[in-house]
Structure formats: structure tokens, C-alpha cells
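Below: the structure, in C-alpha cells.
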Protein chains: 4
Amino acid sequence: MAGEKPQLRIGLIGTGFMGRTHVFGFAAAQRVFDLPYELVLHTVADRTEELAAQAAQTLGFARASGDWTRLVEDPEIDVIDITAPNAFHKEMALGAIAAGKHVYCEKPLAPLAADARQMADAAEAAGVRTQVGFNYLCNPLLALAREMIRAGELGEIRSYRGIHAEDYMADADSPFTFRHDPAGGGALADLGSHALATAEFLLGPVEQVVGDTVTVIASRPDGGGRHRAVEVDDIGRAFLRFANGASGSIEASWVATGRKMQHDFEVYGTKGALFFSQERFNELHFYSTADPAGRRGFRRIEAGPDHDPYGLFCVAPGHQLGFNDLKAIEVARFVYAIAGKRDEPFGFRAGQRIQELVEAIQASARESKWLRTG
Amino acid sequence: MAGEKPQLRIGLIGTGFMGRTHVFGFAAAQRVFDLPYELVLHTVADRTEELAAQAAQTLGFARASGDWTRLVEDPEIDVIDITAPNAFHKEMALGAIAAGKHVYCEKPLAPLAADARQMADAAEAAGVRTQVGFNYLCNPLLALAREMIRAGELGEIRSYRGIHAEDYMADADSPFTFRHDPAGGGALADLGSHALATAEFLLGPVEQVVGDTVTVIASRPDGGGRHRAVEVDDIGRAFLRFANGASGSIEASWVATGRKMQHDFEVYGTKGALFFSQERFNELHFYSTADPAGRRGFRRIEAGPDHDPYGLFCVAPGHQLGFNDLKAIEVARFVYAIAGKRDEPFGFRAGQRIQELVEAIQASARESKWLRTG
Amino acid sequence: MAGEKPQLRIGLIGTGFMGRTHVFGFAAAQRVFDLPYELVLHTVADRTEELAAQAAQTLGFARASGDWTRLVEDPEIDVIDITAPNAFHKEMALGAIAAGKHVYCEKPLAPLAADARQMADAAEAAGVRTQVGFNYLCNPLLALAREMIRAGELGEIRSYRGIHAEDYMADADSPFTFRHDPAGGGALADLGSHALATAEFLLGPVEQVVGDTVTVIASRPDGGGRHRAVEVDDIGRAFLRFANGASGSIEASWVATGRKMQHDFEVYGTKGALFFSQERFNELHFYSTADPAGRRGFRRIEAGPDHDPYGLFCVAPGHQLGFNDLKAIEVARFVYAIAGKRDEPFGFRAGQRIQELVEAIQASARESKWLRTG
Amino acid sequence: MAGEKPQLRIGLIGTGFMGRTHVFGFAAAQRVFDLPYELVLHTVADRTEELAAQAAQTLGFARASGDWTRLVEDPEIDVIDITAPNAFHKEMALGAIAAGKHVYCEKPLAPLAADARQMADAAEAAGVRTQVGFNYLCNPLLALAREMIRAGELGEIRSYRGIHAEDYMADADSPFTFRHDPAGGGALADLGSHALATAEFLLGPVEQVVGDTVTVIASRPDGGGRHRAVEVDDIGRAFLRFANGASGSIEASWVATGRKMQHDFEVYGTKGALFFSQERFNELHFYSTADPAGRRGFRRIEAGPDHDPYGLFCVAPGHQLGFNDLKAIEVARFVYAIAGKRDEPFGFRAGQRIQELVEAIQASARESKWLRTG
């Protein structure tokens, strides 16, 4: 009885934590939204046939492959979803684009901005839709915040402070990983990219930056009994100048002991202010100078059906979305974009942009001066 | 390649908000857990063939029916899931049980405890597994709270305070619904049942109650241009005595302006205390007298992989589960119970128990005296 | 150059924690407010001449006495301030009233309501001004809450929940004190009295109550190596009916491990709601249904100069008053009342009222039925 | 009977908000602490004899003068307390020091660091004790934070974030004041100085800075019907390097709409973390990796008698100090320092240091490069 919608057949490359999260996202998006396509988990690829077969079983894909290029070449597949290690993103994405497929790629799009640009250029030339997984932006309350800012509810925006701090690298004995690779690694690239994406999502383009980067843990175990020197930043900071005239700052840290998800921001305007913490991401705090004297204060707005698309998940306010729900919204936006029903949500060009900002901050930190950001 | 697991074929009766939420739960449970069965959305029933067909399309069921008895009789269906209006729960459940099917029923199990008892008796006699949808109990942090209490981390428990307050009936112009039906309606039955379930989940059986019930809005629009008198409580309260020696209270209100999901509790023991709010249900606050002097305080524990089964949803702490994730956990527990892999989570007997507590509180309020609760 | 104001000469009986706090209050009130009198610390009394002399030195009194009756008889003294143990309040107050002096008495006014009534009657007959130390009521934000309620900013009030919980008696080894005396002792009298005073301050008279009292710690060390049975409540609860039609509850506990000052309330009306915690007593949270859809939420109002008399303490908002500042406000209100410049703030009649409510709740708990409260 | 202690006679210059706050501080310190001196409010000076006489009456000084040099010369006066406008601090302080008096000066010590240095040098040469009013440092919980850091409870400190944001200059129509004077004005000098003082109080010396300063409101009304261009910063930011190896940042803003007292910090170490907000300055939040897995979280420590000198104000925890109480602690520390009973708390040398940091940040912002800070 189902099946009247056209199918959108997905090939997933990579089956780790993020691959699994994407599959949750496909499943939930399918149920929650009235998508223009039926999403089909077509084929999953992993390093070996065995791993892929096992993942297909677990994740619910019809087919499996130990060779990702097979997915790219398969004419039955419409979308390539890349959750493989960063180092492979470029080759995989370019292959998929060359085959005319839409591409969904986990962040970061590529270790270097130049690579990201090449990928974005290719996608534009091929006319395919792309998406990079900046899921915090999919929070209905971030959409609300942006809407409030654009509608002038805060007046003219003057300043911004953004943070993304966690502690998963706080232990000096946690091993050297690809995230510590001098090409594209570091807290600024991994977490600061989120802080920058949120900053530009809310306030528009950043025009100039001054950066500050710090390596806190000089070396980490290499997994082979030795230590390997770390060159990337454990903490990155930047002062910002936005095109709209506001100034601000962001900070990224993966050594912030005790912090699990401190993706926070504060925005101050002439008529009001907002603050938000991803630690309680179903709440947005709003101060308005329009409230009467003696009654003013930051108002805790709880997410609800007034904040689209919350109502598709739950008809009642205050019940709260979870992290995986944000991923479902991300998937839905991409699917709508493929169907031409809305703009590309956070495509490869946006991913490139964030990489450029990260690199500008890193360069500024090295040179200790303000740099323009495109 | 999938399909090696035995199937568990589900027949859903009722396609409103809760029916939809259940389907989200089936889909998510399937993805997130390594369930012992493959869940199959077999048939959905609604009042008419047309509505059912439409729901099958939207919700992803293979078949549809305008007659729920067809599902009960269908030998291909293993589980009957009831999200129809309360008044039908009993007949549907008894039919399903008679047909040897496992039954998953939204709360309240039945308007009256006597009915609930009959349903629980039938299920036990038939040897089928049952579940009532008390989803707040599926929060990993509630499991943590119970574990801490049982392990003595709070010492001997002395007192408890539970609340479930919302504001969806606060408007005097909101219409008379089945929730206002003198048989089984009221805030105590609708919301207080959650507060009572959480109280017994954490501290064990309640032995005595004193009740207080208040009708705040004397009449509501009946949908036909008139007003209908309301006899049920808009606010219900009770003092409690637990078998473990603790005393406590609960309060239920659906006229608590501004509250969307205030399902809160506080537990005080000789060595520590807990407090929790469903408004921020990924946090549990813990005070321990074992902390050193000058360093004591309520500690905000954020849900994470240490709190099973959070880790199946997300490998990183602090990312937060949503309301629909709790429903997925509820589904998974039921499926494991059907497979005989864990105890019945919150079955019909438990549902009956909650109804009895509600009725005891109502009776006590009428008689203005302490009543024993079985 | 000072000294043009008439003097108000104070005789203090009792030099413990509360005596000291009162002296802080006199000193601060003098500085902060432009009082109609110059407050003079005239004489302090304690159990012996030596103790009194030492207290005079420490607290800044001009004279000292080991005999409190000397203060009462001293024609130079205008105000008798009683911070001696509860058992002596009545005799001291009646003596002072008989001598025509204004009386400031720490709470509780007397162990039994009948005594309190006698004291209030005497004061009224003598035409002296009285005050009982219910200092939480002196918070500018409680005045704001009352003003908002009275002005209809919350609409018609429907429900109330009040708590006063601390943990200073949570240790079973803490000794038997006068607070455990069967005549007038218990958590309800000690802390519940505050919860009741706040409830009536905000919503007006309570008309009916149902009580619940629990002795958690059956005996306590008597200081002489033995244990003495405790008959008073460690936890007290009540359901309330207010004259304005609202229903509510209060709870008092001195065994709430981890709680230091949980004097909290929530008020729900047809158009809005308030919640407050003494744990953060410079904040009042306000929800208004008049806010636009999608922008509603509890608003954290920080105390500031808009909330009289905060501005006398500090010209800038958000700087925060402390506990001792509330005592200064209490003193000032009493002094203004003595000067005939405002109503008696919380006089003996009000103190009597609270004792009556406490006793009604205790009686109701014994008899397990609703009782009218005058 | 009192009067056995030696007197410390105070001459106050300046009778505005801060003068009044100081007098509150003297009065409260006298009552709360067992100070080694009796504090005597000897003489107050204002611009005219009339104003001074009126202030003497209001504030409780024995004498008044329209000429501050009279106080400096008066041999009966021991301490000169300066709360006059910043521009006069230097002349007044140098005069007082020359006369051998101890000097208590409101912040900032002087508009320029060079002046502050001259003042500090003079005080050291004269052997008098000095104090600058950095009252937030007097919070018992800041002492606790420092003690925890020094004792290694957080392990090795890695990063710091400090903020001081208010909104009292957010209105573009608020007039040009001495705070906007190019010599010494700006948010960084006014509020950032607090953020810097707290940073060094907790972590020790800052060694290098990069600054960022922004003028948000280009001109303000000059009080004469015109607008005057503003050259100072409305927002100032800095990256920091501490001598202990940690990195960090501070931000100051007086245009942060909605913020009344956001003097906040976060400290991250290898074993734990702290966060604090002056908006709730009776709470300190502490995370310890030593807590067991699944039980970790930021712990809300409420100020109490364990945190000296809270217990002198109140014997019970959780009752909370107010802003004026912090001033009383500041006064007490100064008096103890004068008596030689403890180190100078925050003397002129410390005031100079903060000015130097402010100027280094300003210079760095102009030059856009890292600068060493002495």
C-alpha cells in the first residue's frame, strides 16, 4: 500500500558511530516527516566484505560491499552518504559527484579548505545537492534565534560569544588519532567549526579574525608504546568581526574537563539578547527591553510545536527533542533540497567556508594579526 | 541479507498522536537496539477503511483495516498495540488476549481499576506479555536513581515529593473531552498516574494515602455550543506512606499555567538526596553527605553511556535523549520481555496498580481520611 | 551634627545567633534607610551580668544587665527586642507590653497559639506596636510577587505550592533541643510557619487545611548520655484552601538532606505563574500568557532598584541583597510602624495567626480530616 | 562599656553611591567582625560645606568639610577613604600618604597606570597600608576557588575564561561621563579590570595578552544638547597567557543588554573544573574527575560557615551574603592589614598591576600583537 513515492536510494560508506547515527536519522526522518521520497537503505560499504555484511544486517541495508567505489558506480544509488574517516572524504565525494550522485558528508568536509573548495566546485558543476553534517544547526530553537535576529526582535546586533567545549581529549593518555593530524586536525577544526557555523548561521558572515591556538598536551600515546608529538591545537580562540558590524569571539576546547556538550552562544543587541546552551538544547533564553520595567528578565523558552519542525516529532511542548532527532531534521532538509523544495541546508560550499574560517584563525594565530576571511 | 531474526508482527489500533509516537518507537527501537525480533508493521486499524488506509501509507504499515477486530483475529499478528481512546482499551485488550496475542496499551490501561484488574488477570491466565506506556520510567537516569536508592547511596529513604504538572487544560475554553469523563477522567488519572508510577518505581509500594482533589474549571464547552459540567479533578494531591517507611506527597495538575512537562521528584535519605525534573530530563541532581565538608552540593549528572541504554543511542555523554527515544526504550523493553529476556517492564498488573492508587486517592479525597492501598 | 531625630532606644533580651542578627539589622537599617528615629542600642540582657557585659561590648550596647526585667522596667527604653528561647517569649512580651513598650519578638511568637493570642490581645489593648521576625517576607521580590498577584498580572489564582526544607536536623545524632519540645516544637512550627506566612502573604487567608505530620527520628541524644523520645514532627505537610478560591499545599522538613534554604513557592493563575526559591532569593520567575506564541517562558527577574527598597541598598540591579539585608528591611518596617508611617508589618496578631494555622494542621493530622482555620 | 579598643578614625571623601556603600561597609564590618579597632566615622568631605553637612547627617559622620585637604591634614584622622571621581584619586591619595595616613581608594586607582605606580610607590615609601575596592574578590567562594586551585583539587590548570558584562551603557542615549574619558575610560578599564583581578587572584600572573577593543556607540549626548564622540571601548576582549602555563581569555562589556552582573569565570584543570557567576554569587560549581563514573557532574556548592568568613554573618549555610556584605569583608581585611594581622588585601600595587594589564590590552588591540605584561 505504501510505495507510491519515488525512491531515494542511499549508499552509506562508513559504519562507525556516525554511520549508525545517520541510519537513525534516515529511519526517523522517514517516519516523522512526510518526505517527497521513500528513503531506501540500498547498500552499505565497509573496509571488508565481512564487516560490510555485518553492518548491513545491523543497520538494515539490503546489500553490502567491501569496496566503496562499487556504490559510487552503482546506477541504482541516488545518494552517497560518507561517514568514513576524514582523509577519504575528498576522493569519495569527488567520485560520487562524478557519477552524478547527491552527497551527504560528515563534517569536516575535508581536512583542508582547498580540498573542500574543489569538492564544492565539483558539486556545483555537476548540479548535485550536497550536505555537510552540522547537526546543531538543525535545532528548531536555533532557527527561532535566527528568525528573531533577522526580524529585529533584538534590535541591531552588537556582540556575540560562542563556545564549543568538551573534554573527550582532556586525558593526556588518550591516544593520538586522526584528529591530531597536522593536516586538518585540532580542536578548532573539530569543535570550533561548530562554533563558527553557529555564529555565521545566526549573524551572517565573519569578515575578520584574530586567532589564538594552544597545544596543551604536547604528546600523546601512538598506540605502539611510544608517544607522538602533537602539533595541533587543544584549545583555539578567535576574536571576530561580522559583516553586520557586530564583534564577537569563539572558543573551542576538547580539554575542558567536565564539559560534555558546551556548545553555547550569547547574542546582544540594542533591544534584546539571547543565550543558549547545547547542554539544555530544548531551551532558548530571551531578554527583551520591551518588557515593562521591573518585569524584565531572561525568559526560558521551551521548544514546542510553535518552533517548526518540533511539532512533527511531538504535539506537546516541553517534551524535548534528542540529539538523534536533530540528525533526522538534518536528513529531512537534505531530502527536501534534493527534491528542490528548499535551499541546500548546509552544503559543500558552506563546509568549505567553515574550513576557510578555521584556517584563517590558525594562520592569524601563527602570524598574530587580524586576517580577513574572504 | 537481513531477515534472519524471527518476526514480531504488530497490529496497531489507533492512529492519533500516540499511535504515531508508537510507530516512531518501533522504528527507532529496531535501529538502536539489537532486538531478538524483527519488528514488522503489519496492519493498522482506524475507524474507517479510508482513515486506516491513509494511516498505513503515512505510518508505513503493510495493510489497513477499518475494523479492529480483524487485527485481533489475524493469526499473522503477534502483538496488538492499542492507542485508541481509553474507553475501548478493555474490550480491545481482552479480545487480543483471548486470541493469545501480546498487548501493548497506552495509559491509562482502563478508566477503572476493576477493569484493569480484569485485563491483568486475563493476560496472566493467557500467559501473554503486556505493557502499559509509562514512558518516563524508561529514562536511563530514572534507572540510575533507582539503582542509587537500592544500593544505599542515599542511605535510608525518608521522604519523597513528586509532581506532574502541565497546562494543557488551563484554558477554561478548552473543550470537554474523554479526559473529563467522570469514569476514569481527571488530572490525577491522566498525570498523577505518572507521578505515582515514578514514586513506586523509585521507592517501592505506597501503603496509605490521603487525597485532595479540586475541580478548578466548573464547566467546559461541549463542542455543541453549550457548556458541560466537569466533575473530575483539575488538580489532585496526595500524602503518601511507603512500605519502606518513607512518607511523601504527589501532586498532579493540568492547569499549571506555564508548565509543559513538570514531572519532577525529590528524594531525601539519611546519606544523600536526589532531585530531577522532566523539564531537563537528561540531568539528575545528586547530593552526598560523603563529599568533604565545604565541597558538598547537588551534583548535576548528565546522561551518558554510563547510564544504560543511553550508549546505544549515542556514544558520547551530554548529547541528550529526546522524548521519542524514551518511547524507543519502552518498545525495546517490551520486545525483550516477549522474548523472555527480561521481566515484564510495566505490564497490565502494574497498570492496574496505578489505577488502584488513583482511585484510593480519589476515595480518600471524598471521605477525607487515610486509606490503605492494598 | 547628627542627633536631630528623636531616639528610639532598644533593649535586647538574648544574645545568641538571632540577637546578633537583630543588631546587624538595627545597624544596617539605620544606615540604609532614612528612618524617622535614631536607633540607640541602649541595654542588652543575658542570663548573667558577665555574659551581658560581654555581649554589650561585642554588640555595641551602652549598658548590660543580667536581669531582663530591668530592661522592661527601664523608662529610658522604648523597644524591647526578644531573641531569648521561645519558652520565655510570653512572659517577657507581656511584661514589656505592660510597661508600654513596643515589642519585637523572634519567631515563633509563642509555643502555643493561645499564648500568642494573649500576647496579641495585650499589645492591642496597650496600643503598642509589635513585630514577629518573619524576615523572608521582607524580600523586595516577595513584595513584587504580591503586587503582581493583587494587580491581576497572573489572572485569577488557582493553585499554590510552598515548601520550607532544610537539613539541620537530618542527623539522628543531633541532640534534643527546645525545638523538639512537645509544646510548640517540630518542623511545622519552626519552618512550616515560614511557608504558611509566605502563602498567606501572597494569596490571603487560608480557610481550611488537612495535615500530615511525621516523626522520622524517633529519639535523639538528650545531652546526658541517653536518648529522649521525640514526639514532634520532622516533616509536616498540609493541603490548603484559600479564601480566594485557590487550593494549595505546603511542606516543611528539617531532615531534607542537602537542602539549606529551600523556602520555595509556585503560584499558578489563569494568566500567568510565578516560581521562587529562597536558594536564589534575588530572582523571581514569571510566566505570562500575554507574551506572544513561541516566545513564552518563565522570565528570570533579577532584583533591582525597580523593586523597592532594593535601591536603598544598591543603585544597580543584579548586585543582590543578603540574608542580613532582609533583616534590616524588617527592622525598618517596624520602625516606620512605630512612627505611624506604615501598617504594622507582621505583628503579634499575625504571629498568632500563624501559630493557629500550625496547630490546625497538627490537629488535622491527628484527626485525619479537614479543619477550618478561623 | 565599649571603647576599650583603639580607635581607627575615618575621613571619607566623596558621598555618592560608593561613599554610601563604604559607610555601610564600615558599619557592618564593625558589627560582624571582632575588629582590632573601633571604627569611627570622623569627618566627611564633599564639594561644599552644605553638601558635606548633609552627608554627615545622613551617613553618621561626626564632622563635615567642604574641603578635602582639611581631612588629609587633620591629625585626628587615621584613614582617608576616597570615593571621589577618578580624576581626583591621585592628588587625594598622594596628599593622604604624605600625611602618613592609610588610604582606601575606590577603583580604578587612577586613570593611568603610571599614576597608579606613583601612588603605590609613595605608599610603600611612607609605609602606609592601602586598599583598592575590588570587592568581588572578597566573596568567600572566591577564596574557596583559589584554595581549591592552589591545593591541586583541579590538578594542573589548563584554561580560563572570565567575563564581566553589564548593560548600563547599552542605551545610546545614556550620556557621556567621566567613564568615557579617553584617559582611563572604557569598559575594559571599568569592568574588565574586575575580570582581570579575578583571573590573577585565581591563577596568578598573566604574562602575555592580545587585545581587542570595540567602540559600539560612536557618540553620546554631552548633556548640553550635543553629541560627543566616544573613543573608548564599549567592549574589550583579551587572550591571556598565565605564568602557570594556562591560557585563557577575558571579556568586558557595558553594552550587554539584559546583563546586570555577569562577572563569571570558568577554570579547567587536569582533574577538575570550576564555574561561577556573580549573578548567583553564593554558589560555586565544582566538577571532579575523582567522583565515580556515572556519578560525575558539576556540584553546586552553596556558601556557608565552612567558607570563612561567611559564618560571621550567619551561622547557617545557604542564607546568602549580599553585595554590601562583600564590602564589609573588604573593609575588615583592610582593617586587619592596618593592624598588621594579615597581608594587604588588594593594595595600591595590585591596583597598579590591574591598570597595567588594562593598558597592555589596549595597546595590544591598537598594535594587533601579543604584548608582555611585566
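The values are calculated or read from the model by the stated rules, or taken from the named source; none is laboratory data. Computed from a prediction, not measured in an experiment: that's the story for all the values here. We place every Cβ from the backbone using ideal geometry, glycine too, and count neighbours over all the protein chains shown. Keep in mind that these areas ignore ligands, DNA and RNA; they rest on the heavy atoms of the full protein, side chains included. Shrake-Rupley method; radii C 1.70, N 1.55, O 1.52, S 1.80 Å.
In sequence order, segment B:35-41 has phi-based couplings of 5, x, 10, 8, 7, 10, 7 Hz under the Karplus curve 6.51 cos²θ - 1.76 cosθ + 1.60, θ = phi - 60°, and Gly or Pro positions carry x.
Counting heavy atoms of the protein chains alone, residue B:268 has an accessible area of about 10 Å² for a 1.4 Å probe.
Once the Cβ-Cβ distance between residue A:339 and residue D:173 is put in as r, and R0 is 56 Å, what FRET efficiency do you end up with, to the nearest 0.05? Walk me through the intermediate numbers first.
Working: r = 50 Å, r/R0 = 0.90.
The calculated FRET efficiency here is 0.65.
Inter-chain Cβ neighbour count for C:259-266, averaged per residue, equals 5 (cutoff 10 Å, partner chain atoms only). To the nearest 10, the accessible area of residue D:177 is 50 Å² with a 1.4 Å probe. Return the inverse of the average 1/r over all pairs of distinct C-alpha atoms in chain B, which is the Kirkwood hydrodynamic radius, in Å to one decimal. After inverting the mean inverse Cα-Cα distance, the result is 21.5 Å.
In this structure residue D:78 has an accessible area near 40 Å², from a 1.4 Å probe over the protein heavy atoms. Between copies, the label points of residue C:308, set 7 Å from Cα on the Cα→Cβ line, lie 4.3, 4.8, 6.2 nm apart, reported in increasing order to one decimal in nanometres.
From the label point of residue C:88, set 7 Å along Cα to the beta carbon, how far off in nm is each other copy's matching point, shortest first? Distances to the matching label points in the other copies: 5.0, 7.5, 8.4 nm.
Compute the Kirkwood hydrodynamic radius of segment B:17-87, taking the inverse of the mean of 1/r over all pairs of distinct Cα atoms, and give it in Å to one decimal.
Radius from the Kirkwood sum: 12.7 Å.
Per-residue ellipticity at 222 nm computed for chain C from its helices equals -10000 deg cm²/dmol, with DSSP H segments shorter than 4 residues left out and the rest contributing -39,500 (n - 2.57). Taking amide H atoms as placed 1.01 Å from N in the peptide plane, the amide H of residue B:105 lies under 5 Å from those of B:82, B:131, B:132, B:133, each 5 or more residues away in sequence or on another chain. Ordering C:48, C:11, C:33 by the projection of their Cα atoms onto the charge dipole of segment C:7-135, which places +1 on the Cβ of Lys and Arg and -1 on the Cβ of Asp and Glu, puts C:33 at the extreme positive end. Normalised by residue count, the protein assembly as shown yields a Cα convex hull volume of 182 Å³ per residue. Segment A:332-374 and segment C:198-225 have Cα centres spaced 62 Å apart. Just tell me which lysines come within less than 20 Å, Cα to Cα, of residue D:341; anything on the same chain fewer than 8 places away is out. Those lysines meeting the cut-off are D:5, D:101, D:327.
Counting Lys and Arg as +1 and Asp and Glu as -1, each charge on the Cβ, what is the dipole of the protein assembly as shown about the Cα centre in debye, to the nearest 20?
Numbers: 156 positive and 196 negative charges, 1 e Å.
I would put it at about 0 debye.
All C-alpha pair distances within segment C:267-374, sorted into 10 Å bins from zero, spread as 12, 24, 31, 25, 8, 0 percent across the bins.
To the nearest 0.05, what FRET efficiency results for residue B:98 and residue B:366 with a Förster distance of 56 Å applied to their C-beta separation?
Details: r = 35 Å, r/R0 = 0.63.
Computed FRET efficiency for residue B:98 and residue B:366 comes out at 0.95.
Distance to the B-onto-D rotation axis is smallest for one chain B Cβ; residue and value in angstrom are B:299, 2. Remark on residue C:7: its backbone amide H falls under 5 Å from those of C:38, a criterion applied only to residues 5 or more positions apart or on other chains, H modelled at 1.01 Å from N. Distances between equivalent label points of residue D:171 across the copies, with each point positioned 7 Å along Cα→Cβ, amount to 3.7, 5.2, 5.4 nm, shortest listed first.
Per-residue Karplus couplings for segment A:240-251, computed as 6.51 cos²θ - 1.76 cosθ + 1.60 with θ equal to phi - 60°, are listed in order as 10, 10, 8, 4, 7, x, 6, 10, x, 8, 10, 9 Hz, Gly and Pro entered as x. With a 1.4 Å probe rolled over the protein heavy atoms of all chains, the accessible area of B:26, C:88 falls in the order C:88, B:26, largest first.
When DSSP beta bridges are restricted to pairs lying wholly in the protein assembly as shown, around 60% turn out antiparallel. Close amide H pairs (under 5 Å, H built 1.01 Å from N) link residue D:64 with D:44, residues at least 5 positions away or on another chain.
Once Rh is set to the Kirkwood radius over Cα pairs, what Stokes-Einstein translational diffusion coefficient, in µm²/s, holds for segment B:240-298 at a temperature of 10 °C and a viscosity of 1.306 mPa s? It would help to have the intermediate numbers written out before the result.
Numbers: Rh = 13.6 Å.
Here the translational diffusion coefficient equals 117 µm²/s.
Start at zero, step by 10 Å, and the Cα-Cα distances of segment A:7-135 spread as 14, 48, 33, 5 percent across the bins.
Taking 18 Å as the cut-off, the amide N atoms of segment A:78-98 that come nearer than this to a point 7 Å along the Cα-to-beta-carbon line of residue A:228 belong to A:85-89.
Placing +1 on the Cβ of every Lys and Arg and -1 on the Cβ of every Asp and Glu, with nothing else charged, gives segment B:7-135 a dipole about its Cα centre of roughly 260 debye.
Within chain A, DSSP assigns beta bridges of which about 60% are antiparallel (rounded to the nearest 5).
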